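Down below is the structure, laid out as structure tokens.
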Amino acid sequence: MQEKKRITVLGSTGSIGTQTMDVIRAHADRFQIVGLACGRNIARLREQIREFRPSFVSVQEKSDRDTLASEFPGLPVYYGEEGLLHAAEADCDIVLNSLMGIRGLLPTLHAIDAGHDIALANKETLVTGGHLVMRRAEEHGVKILPVDSEHSAIFQSLQGNRGKKIRRILLTCSGGPFRGWKKEQLSEVTPEMALVNPNWTMGKKITIDSATLMNKGLEMIEAKWLFNVPMDRITVLIHPESIVHSGVEFMDTAVIAELGVPDMRVPISVALGYPDRMEMPSIEPLDFFSGKARNLHFEEPDLDTFDCLKIAQEAEAFGGSAPVILNAANEVLVQAFLDRRIGFLSIPDGIRKMLRKASSGERPSLSEILETDQEVRRCVKQDLL
């Protein structure tokens with residue numbers, strides 16, 4: 001009988017975390033939850049504890065830790081940064097990191113140092129510290145298995161083709177809810193309008209990033225590190241149907257891509273089950289004769305209207321501290337937009353202002369990344385909000 005793969009999920013109560021639970025629930029004979037970590041959604045974590053019976057959990061606040069410890073005697077409950085890092089390091093086979101923002105960087109590094117494979121759903125880890133993460137993964141012989149649908153598609157397209165010459169990576173994008181709009185129209189966008197993605201169900205921050213196309217800029221940087229391909233060989237395709245999830249064009253002009261209905265449980269299952277593939281009976285198969293698959297469309301992105309994508313490309317080209325500044329400023333400004341403190345177009349405007357502080361040169365150390373991140377957040381709140 002095959003041994004169960006032991007999994008720790010960081011960000012277990014978020015969108016990716018809960019869909020991960022769907023995959024694990026459907027394949028209880030293959031997977032065992034070792035640890036769960038979340039922020040403040042204690043009600044959902046409580047349900048997960050009862051269903052999956054983890055060996056330990058970690059939460060953000062001490063008060064929540066005390067509550068859960070009293071409710072579940074005998075269950076180790078950790079909290080804060082120390083608890084999160086403990087969760088990343090604890091004995092398991094694979095850590096699924098679906099934390100939001102740069103908060104995912106340190107746990108990823110600690111999990112790698114512990115020798116765990118990483119199912120990565122936290123793109124900011126590679127945007128801010130890709131040079132550190134990929135080098136350390138190679139040193140420890142750890143697999144980085146992408147969970148983002150686009151990077152999973154690229155990963156799948158490269159199976160059996162590792163080492164073959166890549167002409168370019170084709171990174172698809174739905175275009176978000178404002179595809180076809182012009183910049184003057186975007187000035188009236190509200191959070192409610194921006195939180196409606198045409199094809200995907202995601203958390204609030206990534207949904208806003210999809211509306212500004214910043215998400216695709218971050219994914220370009222992520223793809224650069226994951227697949228060791230320069231940014232000028234990564235092409236973004238606006239693909240409103242979200243059926244082609246991304247692909248690879250090889251030097252002989254052949255394109256291999258992954259197609260399917262838009263459902264995050266597929267890339268999650270690919271990462272957790274690797275190198276095997278698993279049945280997912282709850283997911284609707286792709287129907288080529290009706291619905292969106294009958295007519296597939298591709299467009300170039302409008303960089304004049306959606307300048308966040310262009311800003312991300314410029315930040316990566318500049319190098320040095322620029323990608324860290326890009327990420328930190330975007331995180332703070334997106335939250336400010338959600339809180340109705342700024343308008344939609346103030347997100348790219350504010351990021352550009354912060355990027356004027358960027359220094360080029362050597363890739364930053366871990367301490368420099370964390371210091372820059374905190375300084376940028378302070379400057380955005382002080383100077384722009």
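The values are calculated or read from the model by the stated rules, or taken from the named source; none is laboratory data. Computed from a predicted model, the values in this text were never measured in an experiment. Every residue, glycine as well, gets a Cβ built from its backbone with ideal geometry; the counts of neighbours run over all protein chains shown. Just so you know, the surface numbers come from the protein's heavy atoms only, side chains and all, with ligands and any DNA or RNA stripped out. Shrake-Rupley method; radii C 1.70, N 1.55, O 1.52, S 1.80 Å.
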Please identify the GluC sites (Glu not before Pro) of segment 1-99 that satisfy two criteria: DSSP loop assignment and at most 11 other Cβ atoms within 10 Å. Which are they?
3
How do 117-123, 262-268 rank on mean C-beta neighbours within 10 Å, highest first?
117-123, 262-268
If you take volume of the Cα convex hull per residue in Å³ from the coordinates, which of (1) 128; (2) 158; (3) 147 do you get?
(3)
So, with points 7 Å from each Cα along the Cβ direction, the residue 72-residue 367 label distance in nm works out to 3.7 nm
Let me have the 222 nm mean residue ellipticity of the chain computed from DSSP H runs of 4+ only, each contributing -39500 (n - 2.57), with the sum over all residues rounded to the nearest 500.
-13500 deg cm²/dmol
Give the distance, in whole Å, between the Cα centre of segment 80-158 and the Cα centre of segment 325-385.
23 Å
Pairs of alpha-carbon atoms within less than 8 angstrom and 6+ residues apart define the contacts here; what relative contact order does segment 261-332 have, in percent?
15 percent
In the structure shown, of 216/310; 62/204; 353/381, the pairs separated by more than 20 angstrom at the C-alpha atoms are 62/204
At a probe radius of 1.4 Å, what is the per-residue accessible area of residue 360, in Å² to the nearest 10?
80 Å²
Exposed-site-free run, longest, the chain (rule: chymotrypsin sites (Phe, Trp or Tyr not before Pro); DSSP loop; at most 13 other C-beta within 10 Å):
1-287
For residue 183, give me every one of the aspartates and glutamates with a C-alpha distance below 13 angstrom, ignoring sequence neighbours fewer than eight places off in its own chain.
302, 304, 307, 349
Segment residue 288-residue 162, extension gain: residue separation times 0.36 nm, minus the distance between their alpha carbons
42.4 nm
Given a Förster distance of 41 Å, the FRET efficiency implied by the Cβ-Cβ spacing of residue 265 and residue 375, rounded to the nearest 0.05, works out to 0.60
Loop-only trypsin sites (Lys or Arg not before Pro) in segment 277-375, please: DSSP not H, G, I, E or B, and at most 15 other Cβ atoms within 10 Å.
277, 340, 341, 356, 357
